[in-house]
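Coordinate-derived values only; no laboratory data. Treat the numbers as computed from the prediction; the structure is a model and nothing was measured. With ideal geometry, Cβ positions are generated from the backbone for all residues, glycine too; neighbour counts draw on all protein chains shown.
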Amino acid sequence: MPKTAVDTVLEMHQVVTRFGSHVVHNGVDLDVRRAEIFAVIGGSGSGKSTLLREMILLQQPNEGSVRVLGVDLANITDGAALALRLRFGVLFQKGGLFGSLTVLENIGLPLREHRQLDEQQVETIAAGKLAVVGLAADVADQYPSELSGGMMKRAALARALVLEPELLFLDEPTSGLDPQSATGIDELVLQLSDKLGITVIMVTHDLDLLWQVADRVAVLAEGTIQGLGSMTELARMGKPAIRPFFDGPRARAAQAQAFLTHQEPSSKPK
Ligand code: ADP
Ligand code: MG
């Protein structure tokens, strides 16, 4: 595969998204580099999930371009779209596990659909992913309704990883979790990035997650990217649209915790 100079795996250029007269994105530019943990932050309703949907072929912007793994998503053929979808995994905000299937069956589903494997091979690979996300082997035969919120996120993550994706998209991976489960997800995301070299693209408003794991962060507000850089870099910017993520007690507590955990929160070793 030809590599661009900085090895950009995803690019958005001047993306405009409208719902009727409501302009959600008004010229979004961003780029994601291979193997980084990239985050998009923004207030509720700022258009984070919509931006993610445009990255994963669930929605087309009204204007502008989106390129994923070198493929321009405008006018993409069905065949090219399917081939591309098999190269990324997605963890949706609500998890999206099938309630009528066990955890192991859920994780194995993409393998059954897209790989020529026998049942034994599917189960072996699915059980391996269960371990990767830190779930005990006996969770395999449980149904989603029997799992805690944190376990459900992990099981959905295992399913998102089962085809060995190059890119992993996460929509609010810690939302709805208690602080301890959320911390577990932080650590898991870091491990996936460090051990598997997966590029992680997440949308979140979880400040702890941002300080603990994100290499670079794009701040989405008023329809555009107001700033893009490490949390340390963004913290130094004075723009009014960026300050709410750094001022105030919750923002400062997240930053202080990150400094306790790492000396340099935004330059973790690769
Ligand atoms: P976020 O994830 O940042 O909270 P969303 O991307 O979900 O925000 O939504 C951004 C805005 O776009 C919101 O005002 C939402 O109501 C609107 N929106 C999202 N999807 C649709 C849709 N399918 N139809 C109409 N409006 C939508
Ligand atoms: Mg959202």
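For the reader, a short list of remarks on this structure follows.
- Derived scalar couplings ³J(HN,Hα) [segment 10-27; Karplus, 6.51 cos²θ - 1.76 cosθ + 1.60; whole Hz; x for Gly, Pro]: 8, 9, 10, 10, 6, 6, 10, 10, 10, 10, x, 8, 7, 8, 8, 10, 10, x
- Taking the Cα centre of segment 26-147 as reference, the dipole from Cβ charges on Lys and Arg (+1) and Asp and Glu (-1) amounts to some 340 debye.
- Dipole in debye (nearest 20) - segment 22-65, about Cα centre, beta carbon charges: Lys, Arg +1; Asp, Glu -1: 160 debye
- Bridge orientation summary for the chain: considering DSSP beta bridges with both residues in this region, about 55 percent are antiparallel.
- Residue-wise HN-Hα couplings along segment 158-166, as the Karplus relation 6.51 cos²θ - 1.76 cosθ + 1.60 with θ = phi - 60° gives them from phi, are 4, 5, 5, 9, 5, 8, 6, x, 7 Hz; Gly and Pro carry x.
- Magnitude of the charge dipole for the chain, about its Cα centre and with charges confined to Cβ atoms of Lys, Arg (+1) and Asp, Glu (-1), is about 540 debye.
- Where Cα atoms sit under 27 Å apart: lysine pairs in the chain separated by 8 or more or lying on different chains: 21
- Three-way shape label, the chain, alpha-carbon gyration tensor, a/c 1.5: oblate
- Cα→Cβ-extended label distance, 7 Å offset, between Ser145 and Leu58, nm: 2.4 nm
- Built amide H within the under 5 Å cut-off of Val90, gap 5+: Phe169
- Cα centroid of segment 40-92 to Cα centroid of segment 109-151, whole Å: 26 Å
- Segment 48-184 shape via C-alpha gyration tensor axes, a/c threshold 1.5: oblate
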